[in-house]
Amino acid sequence: MPAACESVLEDIEDIVSAEDLKPHDRQFVRKNVFPKVRKRNSQKNVQTDDEPPSDSIIPGVQKIWIRTWGCSHNNSDGEYMAGQLAAYGYKITDNSAEADLWLLNSCTVKNPAEDHFRNSIKKAQEGNKKVVLAGCVPQAQPRQEYLKGLSIIGVQQIDRVVEVVEETIKGHSVRLLGQKKDNGKRLGGARLDLPKIRKNPLIEIISINTGCLNACTYCKTKHARGDLASYPIEELVDRAKQSFQEGVCEIWLTSEDTGAYGRDIGTDLPTLLWKLVEVIPEGAMLRLGMTNPPYILEHLEEMAKILNHPRVYAFLHIPVQSASDSVLMDMKREYCVADFKQVVDFLKEKVPGITIATDIICGFPGETDEDFQETMKLVELYRFPSLFINQFYPRPGTPAAKMPQVPAAVKKQRTKDLSQLFHSYNPYDHKVGERQKVLVTEESFDSNYYVAHNPFYEQVLVPKDPLLMGKMVEVNIYEAGKHFMKGQPVSDARVHTASITRPLAKGEVSGLTEEFRRAPQNGTNWEAQPSAEIPAKTRLSSWMALQLPWQQEGGGLKILSVSLALLAVLVMFYYGGMKTEL
C-alpha cells in the first residue's frame, strides 16, 4: 500500500490503491498496446441475473454488517451510518458471516472494549472481509499499528460513510478524520436529519452536543470527541418532531456531558428542555442523559421543574467517580464531593422518587484505602439503584496512565467489595403492591417479557402481549428484583397510544425525504447490466454524477471538481496513447 494511503486525508480522491498503475507504468504499458477488433461475447456468457454478485465493485449492492460498542452517542452514530448505507442501496445484515464488509464502530473508554474491537478486526481480516473502522478508538489514535492500512471514518464525518465504504470495497484505504466547521467554528457533527435505522423503532437517540469542557486525566474519549460543540435548539426540536412523526414514543438525549449543552452557543440545557417538552405528544417520554456535577449546579431549580414534568423521566445520571476530594483532584473532575451531594440532596427533595444513577472508578492511581472507604460510605448513604462500577484501566496517552498505579490485585478487590455492597440491598422491594404507569418499548434479553419503564425510569417487566408494545399502561407491581420489577396490566385502566403515527418497521430507514427518494439509490441503473459490460469511463462518470442529498452543501462540489480533473487526465492518456500507436 502506498504511504499516502495511510495518512490522514481530507478527501477520498487522494487515495491510490495497491493495484493502481503508477504514471511510469502507464507509459510503459501504452507502448505495448495495439488496436484489436473485439469480438462480441456470446449470449451464454452474459450475466442475466437481476442483481449483480455481492463481490462486484458496483457501488451499493454489497452486504454490510455493523457492530457498535459503547455509549448511546456511539449507538446513535451507528444508526445514522446504517441508515445512509441502506438508503444508498447496501443491504444491512445481522449475519456477519454473509457480509462483504464489516463496519466496526468502537469505544475507547476502557481497555476491554478496545480489545473486543481489535479482535473483531483480526477476525474480519481472517475471513477476507473488507473493513471500515469508526468510533472513538481510531479517531483518537489513528496511527496505531493494528489500524495500519484500514479505512477510517471519523466521528464528525459519519455523513460520508457511503463514500468511505464505496472506496473500501474498491480496494482503497480511506481515512476521513477532519472536524466540521462553519466560518472557523467547530460544529456538533454531522446533520441531524440524515437517514438512520433505529435499533429500536420506538426509541430515538438524539446527540445534543459532542465533546465536553473537562480534561479528566483518565479519559480517552476527549481525544476523540474534542471540546464542546452543541447543536442549535431549533435543529434538535426539528429532529424530535420528525421522530414522533415516525412513530417514536421515547427520546433519549445523549452526549459526553449533557449538562454542558449550549455553553458554546449562548444557551443552556434547561432552555433546550423546555422547548422539547412542548413537542412531546401525550404518552411519549423524554430521558435525559449523563451530566457532570459542575454544569448542573447552576440550573438546579430549573432542572427540578423539568424533571417533575409528566413527559420527562425523573431520572438523572450524575457520575461521582470517587468520594475522595484528593482523588477527584487527581482526576481533574472540577468538583468536590460536597458539590455532588448538594445536587443529589436537592433533586431528591424537589423531585420525589427521582432515580439517581452514578459511576465509580475503583483503584484510580493514588487512591488509598481511606479514599476507597469514603466511596463505600457514599454508596451506603445513598444506596443508588443504578451504579456503574468500573475497575480503573490506564488508557494510553492519558495523564493517568503515567501516574503510579494501584496494584492490580488491590483494584480487583476494591471492585469486588463495592459490587458486594451494591448487591446487598434491594431498591425496589418497598414498591411491591404499587400501581404504576409504565411505557412499554422493548423485549427483554431472555425474550420472556416486554420491558417497560415507570416515571422514574425504573425497569418493569410486563407480559408479552403485542397490544402493549409502544403503549403507556397501568400495572400492579407484584414482584421486585435487584434491577427490575414485574407488573401485571390493570384490566380497567386507560391505555395511551404514545405514537402519533405507526412506528417504522424494524430495519426501515428513517428520514427518507422526497428529495432523497427521487435520487438514484445506486448512482445509476447499473443493476440491469452485467458488471463486465459496463465501460470503465461510464462507471467513473456515473459515480461522479452522484451527489448524496445530505452532502449537497460543501463536500460534494470538491469531489466533483477533483473527479472531473481526474477524468480529463485519464482521457488525455487514453487518446494520446491511441494516437501514438495508430
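The values are calculated or read from the model by the stated rules, or taken from the named source; none is laboratory data. As the structure is a computational prediction, the values presented were derived from the model and not from experiment. For neighbour counting, all protein chains shown are included, and Cβ atoms are generated from backbone atoms with ideal geometry for every residue, glycine included. Heavy atoms of the whole protein, side chains included, go into the accessibility calculation; ligands, DNA and RNA do not. Shrake-Rupley method; radii C 1.70, N 1.55, O 1.52, S 1.80 Å.
Could you tell me the distance between the Cα centroids of the stretch 165-232 and the stretch 346-376, to the nearest Å?
Using only Cα atoms to place each centre, the spacing works out to 30 Å.
Within 10 Å, count the other beta carbons around each residue, average over each peptide in 296-306, 199-209, and list them highest first. Intermediate results must be reported in sequence, preceding the final value.
Values: 296-306: 16.9, 199-209: 23.1.
Put in order of decreasing packing, that is 199-209, 296-306.
Tally Lys and Arg at +1 and Asp and Glu at -1 over the other residues with C-beta under 12 Å from the C-beta of Leu381: what net charge comes out? Let's see the in-between values first.
Details: positive: Lys341, Lys348, Lys377, Arg383; negative: Asp345, Glu374, Glu380.
Residues near Leu381 contribute +1 overall.
Of all the accessible heavy-atom surface of the stretch 63-178, with the other protein chains kept in place and a 1.4 Å probe, what percent is carbon and sulfur?
Here it works out to 44 percent.
What order, most packed first, do the peptides 248-260, 102-114 have when packing is the mean number of other Cβ atoms within 10 Å of each residue?
Numbers: 248-260: 24.8, 102-114: 21.7.
For the peptides 248-260, 102-114, the packing ranking is 248-260, 102-114.
With N set to the residue count of the stretch 430-497, report its C-alpha Rg divided by 2.2 N^0.38 Å to two decimal places. Working shown, then result.
Working: Rg = 10.6 Å, N = 68, 2.2 N^0.38 = 10.9 Å.
Compactness ratio reported: 0.97.
Can you give the Rg to Rh ratio of the stretch 63-178, both from alpha-carbon atoms, with Rh computed by the Kirkwood formula?
Working: Rg = 12.6 Å, Rh = 13.8 Å.
For the stretch 63-178, the value is 0.91.
Quick check for you: with a 1.4 Å probe and neighbouring chains kept, what is the accessible area per residue of the stretch 430-497, in Å²?
Per residue, the stretch 430-497 has 51 Å² of solvent-accessible surface.
Taking a quarter of the surface of the convex hull around the Cα atoms of the stretch 169-298, what do you get in nm²? Could the numbers behind the result be given before it?
Details: hull surface 41.7 nm².
Value for the stretch 169-298: 10.4 nm².
Using just the Cα positions, wrap the stretch 185-425 in a convex hull and report its mean projected area in square nanometres, one decimal place. Working shown, then result.
On the way: hull surface 54.6 nm².
Mean projected area for the stretch 185-425: 13.6 nm², to one decimal.
Using a probe radius of 1.4 Å on heavy atoms only, what accessible surface per residue do you get for the stretch 185-425? Whole Å² is fine. Walk me through the intermediate numbers first.
On the way: 8990 Å² over 241 residues.
Per residue, the stretch 185-425 has 37 Å² of solvent-accessible surface.
Please compute the length gained on full extension between Asn111 and Thr267, using 0.36 nm multiplied by the number of residues separating them and subtracting their Cα-Cα distance. Write down the numbers at each step before the final one.
Values: separation 156, 0.36 × 156 = 56.16 nm, distance 3.56 nm.
Gain on extension, Asn111 to Thr267, equals 52.6 nm.
First select every other residue whose beta carbon is under 14 angstrom from the beta carbon of Leu192; then total the charges, Lys and Arg +1, Asp and Glu -1.
Net charge in that neighbourhood comes out at -3.
Over the C-alpha atoms of the stretch 58-98, what are the Rg and the largest Cα-to-Cα span, Dmax, in Å?
Calculated on Cα positions, Rg and Dmax stand at 10.8, 34 Å.
Note down, for the stretch 253-362, the three equivalent ellipsoid semi-axes (square root of 5 times each alpha carbon gyration tensor eigenvalue), biggest first, whole angstrom.
Values: eigenvalues 125, 48, 28 Å².
Here the semi-axes work out to 25, 15, 12 Å.
Could you check the spin-label model distance between Asp94 and Gln420? Points 7 Å from the Cα along Cα→Cβ, value in nm.
4.0 nm
If you roll a 1.4 Å probe over the stretch 430-497 with all protein chains in place, what percent of the accessible area is carbon or sulfur? Working shown, then result.
Working: 1780 of 3480 Å².
Within the stretch 430-497, the accessible surface is 51 percent carbon and sulfur.
In debye, nearest 20, what is the charge dipole magnitude of the stretch 388-450 about its Cα centre with +1 on Lys and Arg Cβ and -1 on Asp and Glu Cβ, if you could check? Present the calculation step by step, with values, prior to reporting the outcome.
Values: 9 positive and 6 negative charges, 100 e Å.
With only Lys, Arg, Asp and Glu charged at Cβ, the dipole is about 480 debye.
Out of the total accessible area of the stretch 185-425 (probe 1.4 Å, heavy atoms of protein only), what percent is carbon and sulfur?
Working: 4840 of 8990 Å².
Of the solvent-accessible surface of the stretch 185-425, carbon and sulfur hold 54 percent.
Based on the Cβ-Cβ distance from Asp227 to Val432, what FRET efficiency comes out when R0 is 30 Å, to the nearest 0.05? Each step should come with its number before you reach the end.
Numbers: r = 47 Å, r/R0 = 1.57.
The formula returns an efficiency of 0.05 here.
Distance check, please: which entries in Lys305/Lys348; Lys220/Lys402; Lys91/Lys129; Lys437/Lys486; Lys129/Lys199 exceed 18 angstrom between their Cα atoms?
Table pairs above 18 Å Cα-Cα are Lys129/Lys199.
Over the Cα atoms, compute the radius of gyration (one decimal) and Dmax (the largest Cα-Cα distance, rounded to a whole number) for the stretch 383-438, in Å.
17.6, 53
Arrange the peptides 386-399, 362-375 so that the one whose residues have, on average, the most other Cβ atoms within 10 Å appears first.
Numbers: 386-399: 17.1, 362-375: 18.7.
Ranking the peptides 386-399, 362-375 by packing returns 362-375, 386-399.
If you find the alpha carbon centre of the stretch 64-127 and of the stretch 258-317, how far apart are they in angstrom?
The two parts, judged by their Cα centres, are 31 Å apart.
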